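The structure appears right after this line, and notes come after that.
Nothing in this text is a laboratory measurement; each read-out follows from the coordinates by a stated rule. Remember, it's a predicted structure, so these values are computed and weren't measured experimentally. Quick reminder, even Gly has a Cβ in these numbers, built from the backbone with ideal geometry, and neighbours come from all protein chains shown.
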Amino acid sequence: MKNLLYFIIRNHYVILFLLIESFSLALVVHYNNYQHTCALNSSAKIAGNINQAFSVVNNYIGLRDKNEALNAELAKARSVELISYKVDTVSAQLVKDPNYIQQYEYIPCQVISNSVNNSNNFLTINVGKKHGVERGMGVVSASGVIGVVKETSDNFASVISVLNPNLNISAMLKANGYFGSLSWEGYNYQYAAINDLPSHIEVHSGDTVITSGYSAIFPKGMLIGTIDTVLNVGTNGFMVASVKLSVDFKRVGNVQVIKNLLRDEQLELEMHSGNE
Amino acid sequence: MNNVLLFNILRFVALLLLQVGVLNQIQFGGYINPYLYILFVIMLPFGTPGWLSLILSFFMGISIDMFCNTPGIHASATVFAAFIRPWLLAGLLPRDGVEPDVTPNIRVFGFAWFFNYSAIMVLIHHIFLFLIDVFKLNALHIVLWRTLMSVIFTMLLVVLSQFLTAKKTK
């Protein structure tokens, strides 16, 4: 016992280092996965407020209010657009009298913190629980898909960016409807890769890539980018293509959170059918 | 003694704010991000007890992590750099010793000494940081490229900071 105590005192520096280091590395391993939640994130109150303060400085003061107003208008317009509605008729005879129920709502907000040069990128936006934002909601800007909400506090939310290899988005080729999964490979902030496309289809550079609408996060048809080149055609029947993202992630400012009003219904149904 | 403590607290807060408020917002070329906050560990006074410098660097790293949404990554890299520091200093300092309250800086030790010392610290920190961050070895050449570019920018700022603050402490 005495020897052990003596050993600890003599080697306290190395032991303390190993303790702190393994604690830090445990944090890395445990929380680097975006399914896990962590109290230490930029939606936390202090970090959120400080980020907010800096973003005010960074904003071009004169244009800010005008942009916000425009963004609110855009969100309102998107909310009443036909694509936000779901046909609510049960039989084909009723086609003359189409009734719609609203499926998507857009919450306008601003990015107050953003990164493009880490290997896992996140954004922070200035709306949170108070404004109806929840985990798993999609985020878009006027030029395309931005990411998915990861954490929320009362007034802020952190968003896992498309520029994060942990995020997979169900993407579709607009021209022929084939779909695959889009993810970022961690190198260049302008390009992502679309995987799992069947290898027999023809893909041309410049083809538009949109969201498939299969995931209950994004409505169908939100712009993601355009095909750049086919990277490889695998022997397993699938190919990988690189996609030039339509959003310039260095310049995102005004964005919108997409609230899918029918999400719970869809997820519940899918869960039940998966269980049987 | 109180003065030394005050200076270090100020340096901690100033570097933290500078890092998250300014440097993290500037996105040079898509992948270069200088991490000047490591200057806090570089400039801890010589007499700082080992355990204290480990704990302080942990707090510095974890605060940065909080703003970057990267729990543990900056903390582990910073603590690792702080852990290596005593051996590095033992190798680089003259045998006859120095005052414990003195911080490593360019005015007392000269440009060449300070540059060597801080370059090694920055290199250790950045390599560890980028390796942990990417976490897969097949992208090694990209890790090395990003590390190199960021080291150059961080060192530029480290040296610049010495010339900017040298007059004030006279």
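Residues are listed down the side, and each one gets a yes or a no for (1) touching a residue at least 60 places away in the same chain (Cβ under 8 Å); (2) in contact with a Phe, Trp or Tyr (Cβ under 9 Å, 6 or more places away or on another chain):
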| residue | (1), (2) |
| --- | --- |
| A:A142 | yes, no |
| A:T152 | yes, no |
| A:F156 | yes, no |
| A:L163 | yes, yes |
| A:I169 | no, yes |
| A:M172 | no, yes |
| A:H200 | no, no |
| A:G213 | no, no |
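For beta carbons closer than 7 Å, sequence separation of 6+ or different chains, a first residue in the stretch A:217-241 that is touching a residue at least 24 places away in the same chain (Cβ under 8 Å) and a second that is of a type in the set (D, E, K, R) and part of a strand (DSSP E or B), the qualifying pairs are A:G225/A:K244; A:D228/A:K244; A:F238/A:D196. The single condition among (1) under 22 Å from B:C68 (Cβ atoms); (2) surrounded by fewer than 21 Cβ atoms within 10 Å (Cβ to Cβ); (3) within 14 Å of chain B (Cβ to nearest Cβ) that A:D154 does not satisfy is (3). Of all the listed residues (B:M60, B:M66), the sole one being under 20 Å from B:F128 (Cα atoms), under 12 Å from the mean Cα position of the chain (by Cα) and either at the interface with chain A (Cβ under 9 Å from one of its Cβ atoms) or without any contact (Cβ under 8 Å) to a residue 60 or more places away in the chain (or both) is B:M60. Per this entry, B:R107 is counted among residues that are more than 15 Å from B:L44 (Cβ to Cβ) and part of a helix (DSSP H, G or I). The set of residues from the stretch B:35-52 being in a loop (DSSP other than H, G, I, E, B) and within 14 Å of chain A (Cβ to nearest Cβ) comprises B:Y35, B:T48, B:P49. Pairing residues of the stretch A:2-30 that are within 8 Å of another protein chain (Cβ to nearest Cβ) with residues that are among the β-branched types (V, I, T), at Cβ distances under 7 Å and at least 6 apart in sequence or on separate chains, gives A:F17/B:V79; A:I20/B:V79; A:E21/B:V79; A:S24/B:V79; A:V28/B:I73; A:V28/B:I132. Filtered by the rule that a residue be in contact with a Lys or Arg (Cβ under 9 Å, 6 or more places away or on another chain) and in a loop (DSSP other than H, G, I, E, B), the stretch A:143-166 gives A:S153, A:D154, A:N155, A:F156.
Checked against the criterion of being among the hydrophobic types (A, V, I, L, M, F, W, C) and within 25 Å of A:N117 (Cα to Cα), the candidates A:I217, A:I224 yield just one match: A:I224.
The rows are residues; the columns are (1) touching a helix residue (DSSP H, G or I) at 6+ places or on another chain (Cβ under 8 Å); (2) among the aliphatic types (A, V, I, L, M).
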| position | (1), (2) |
| --- | --- |
| A:R135 | no, no |
| A:G138 | no, no |
| A:S141 | no, no |
| A:V145 | no, yes |
| A:K150 | no, no |
| A:N155 | yes, no |
| A:S158 | no, no |
| A:N164 | no, no |
| A:I169 | no, yes |
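Restricting attention to the stretch A:224-276, which residues are in a loop (DSSP other than H, G, I, E, B) and under 30 Å from A:V111 (Cβ atoms)?
A:S246, A:V247, A:D248, A:V252, A:G253, A:L261, A:L262
Taking the conditions exactly as written (surrounded by fewer than 21 Cβ atoms within 10 Å (Cβ to Cβ), facing chain A (nearest Cβ under 9 Å) and not in a loop (DSSP other than H, G, I, E, B)), does B:G21 satisfy them or not?
Values: surrounded by fewer than 21 Cβ atoms within 10 Å (Cβ to Cβ): yes; facing chain A (nearest Cβ under 9 Å): yes; not in a loop (DSSP other than H, G, I, E, B): yes.
In short, yes.
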